[in-house]
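Structure first, commentary second.
The values are calculated or read from the model by the stated rules, or taken from the named source; none is laboratory data. What you see is a predicted model; the values in this text were computed from it and never measured. Every residue, glycine as well, gets a Cβ built from its backbone with ideal geometry; the counts of neighbours run over all protein chains shown.
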Amino acid sequence: MDRVKTGIAGLDTMLNDGLLPARPYVVSGPTGSGKTVLAAHFLLEGLRQQEPCLLVTLDEPPFEVKSNMATFGWSLDRLKILDATPDVRAHKRARSVIDVGTSLDVRDMEDVTDIRQSSVMRALEVTVHSVQKMIKQEFLTHLEHTKQRYKRIVVDSMTALKMFSMQGQDSRILIQSFLRFLSELEATSLIVSERLDRKTLETEFFLSRGEIRLHKWIDGSAIRRAVSIEKFRGSSFDDKMRTLTIGEKGMVVLLEAPATIRGTSPGPKPGESLLEARLIDEVSNAIEGVMRQIEEAHRRQVPVRDMEVSLSRAMLAFQRRSYQKAMQIALACDSDLKQRIAGAPPPPPVAAPPRPPAVTR
Amino acid sequence: MIPATKIRTGISGLDKLLHGGYVPGRPYIVSGPPGAGKTIMSVQFLREGLEGGERCLFVALEEPPNELKINMRAFRWNLDDLDVLDANSDIRRFEPTPILEISTEEEPAKMRAIGERIRKTPDFESKEVTVHSLQQLLKTLLVKRHYERVVIDSMTALRYFCMREFEEAVTTQSFMRYLAESKVTSLLILELPEEGEVPPEAFLARGEVRLHKLRDETGIKRFVSVEKYKGSSHDESVYPFEITTSGIVINTASKPAMAV
């Protein structure tokens, strides 16, 4: 089956030549990690291959998208852009978006000059329903005028769509329906989404046929970036995390060396999973054991200053998520301490044994 | 040696972990985060049944059957005789057009008959899958076709899209109870978040095979563990596995993954 190229050579290699056509995919990552840039590459590649492409923008108004892309020297003039940014609410009028034609909201990128004034046109309130309706109408109009179907669709972003328009229990069903809708259009679509909470299972993440995840972290004073593929139904893929740069020519994925995250930034990092939670348990148990032994050594007045230094090294490694290293140090301390304590005279009697200190994570 | 009372899972390493396979006629959970390999594992379970001449049913709630067919092609398994029930709801309409619950007349399609392209929502009515209609339909199908193996892909989709939030706990429980009573061996796929709590379905099943995904410097590592298996002993370690061109292969020879 023909693959759909993302327009970023390194990423296409990671995807084993590209995405599978006519399916929805998620591009995820924190703010500023390059999700929109990746999506622009995807659209630009489509235009290069003479494919009709549609950008549905919910985050940034079209003129901002345009000027941002101009910094890379890209011309997205032939791109159709559907402006679904919500208006200033105060200007909302009684007419809903459902009854009016939506063709006004779709423009060629070259016609985009300025921000749309809420007061000039009718006020739009964005809902999943209205966005879906706008896309459908645009799809059909385009098909009628050019006899061509949109091949690529980008929705930027799902996070915005959710925040604007979804409340309560229906949101899962609305997203399911929206993804079904995109699938039935048989366009390859990218859905830009910020993962807000790793503990909840968000609909678009498990329903999409794949996830390209962008990472960003601080290393000293520099911003580092990487990309990984977390899921890709129906295809093999490069499962390593690869270094990413965003430069004058846009996004470049470096395939030579896998990226490793060695930063000081707090917050979620890749590689956290149930299994890691178990590893953490094991290592913290080992460290706790060493701490108890040091306590014991103190009571027996065995010199263990060097062990305390090693322990802090282990804890440092633990904090930096070098679990293997932390474990090695802790185990070495453990056996060393056992020997020293065994060779020491029995402890002086104490009234109450001191409580072992707890490891704080 | 497989004891006569158990059935094979379609993955030899998993048979070992489960000390012979699944006790037939019960529901089991296959859980894991997105991209762990749950669907592949469950298709291997069905394929094992097909090879033994059993009737097998795949209930698709997450991806359209045409995509399942394309995705499984790379493995070159003969799934022609697999019955696939398309339980994906149509695009929701927001206008007063009739919404039809999937009827109990609905028939699964044979894998060989499934086309390349996605089924389109008809213009004037939308098919909606509710847990009640699906349960009714399964009841009819199980009587009519005597399925021996059934996969529900996924319970998460069923809970998210086919029932109302206030009834989730009760309805899920009753659906699983129904499967237990129907005496079919079923695998229920459960999506797990990347961290945090395990959904309640896991506590209701007779057994749970959990897939883990861990990312490190060398890429994604996959592991499998049997979290629970009522009525049978099982291996308690965590083993690495890979998704190869012949499906999931569990490396039971290697040291359990937890030894650091």
Exercise. Given B:SER225, B:SER186, which one is touching a Lys or Arg at 6+ places or on another chain (Cβ under 9 Å), polar (S, T, N, Q) and away from chain A (no Cβ under 13 Å)?
Worked result: B:SER186
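Please find, among A:ALA332, A:ALA326, the residue that is at pLDDT 80 or above and out of contact with any Phe, Trp or Tyr (no Cβ under 9 Å at 6 or more places or on another chain). Working first, answer last.
On the way: A:ALA326 fails: out of contact with any Phe, Trp or Tyr (no Cβ under 9 Å at 6 or more places or on another chain).
Just one listed residue meets the conditions, A:ALA332.
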For this session: Can you confirm whether region A:167-178 contains a residue that is buried (at least 24 other Cβ atoms within 10 Å of the Cβ) and modelled with pLDDT of 95 or more?
Result: no
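How many of the residues making up region B:152-196 are among the hydroxyl-bearing types (Ser, Thr, Tyr) and touching a strand residue (DSSP E or B) at 6+ places or on another chain (Cβ under 7 Å)?
Pass one, region B:152-196, residues among the hydroxyl-bearing types (Ser, Thr, Tyr): B:154, B:156, B:160, B:171-172, B:174, B:178, B:182, B:185-186.
In the following step, the residues that additionally are touching a strand residue (DSSP E or B) at 6+ places or on another chain (Cβ under 7 Å) were identified as B:154, B:156, B:185-186.
Looking only at that region, the number is 4.
Which residue out of A:GLU194, A:GLU204 is more than 7 Å from chain B (Cβ to nearest Cβ) and closer than 23 Å to B:THR121 by Cα?
Details: A:GLU194 fails: closer than 23 Å to B:THR121 by Cα.
So the residue among A:GLU194, A:GLU204 that is more than 7 Å from chain B (Cβ to nearest Cβ) and closer than 23 Å to B:THR121 by Cα is A:GLU204.
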Exercise. Given (1) more than 10 Å from every other protein chain (Cβ to nearest Cβ); (2) at pLDDT 85 or above; (3) in a loop (DSSP other than H, G, I, E, B), where does A:PRO266 come up short, assuming only one miss?
Worked result: (2)
Problem set entry | region B:108-146: number of residues that are in a loop (DSSP other than H, G, I, E, B) and touching a residue at least 40 places away in the same chain (Cβ under 8 Å) | 9
Problem set entry | Subset of region B:126-171 (residues that are farther than 16 Å from B:ASP83 by Cα, surrounded by 18 or more Cβ atoms within 10 Å (Cβ to Cβ) and aromatic (Phe, Trp, Tyr)) | B:TYR160, B:PHE161
Exercise. Given the conditions (1) more than 9 Å from chain B (Cβ to nearest Cβ); (2) closer than 18 Å to A:LEU20 by Cβ; (3) among the hydroxyl-bearing types (Ser, Thr, Tyr); (4) in a helix (DSSP H, G or I), which single one is not true for A:SER183?
Worked result: (1)
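Here are A:LYS231, A:LYS162: which of them is away from every other protein chain (no Cβ under 12 Å), free of Cβ contacts under 8 Å to residues at least 40 places away in the same chain and either under 16 Å from A:VAL26 (Cα atoms) or in contact with a helix residue (DSSP H, G or I) (Cβ under 8 Å, 6 or more places away or on another chain) (or both)? Walk me through it before giving the result.
Details: A:LYS231 fails: away from every other protein chain (no Cβ under 12 Å).
Within the list A:LYS231, A:LYS162, the selection yields A:LYS162.
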Seminar exercise, completed: Taking region A:13-49 and the residues there that are more than 18 Å from the chain's Cα centre (by Cα) and charged (D, E, K, R), the one that is farthest from the other protein chains (Cβ to nearest Cβ) would be A:ARG48
Exercise. Taking region B:53-76 on its own, how many of its residues are away from chain A (no Cβ under 14 Å), part of a loop (DSSP other than H, G, I, E, B) and in contact with a Lys or Arg (Cβ under 7 Å, 6 or more places away or on another chain)?
Worked result: 2
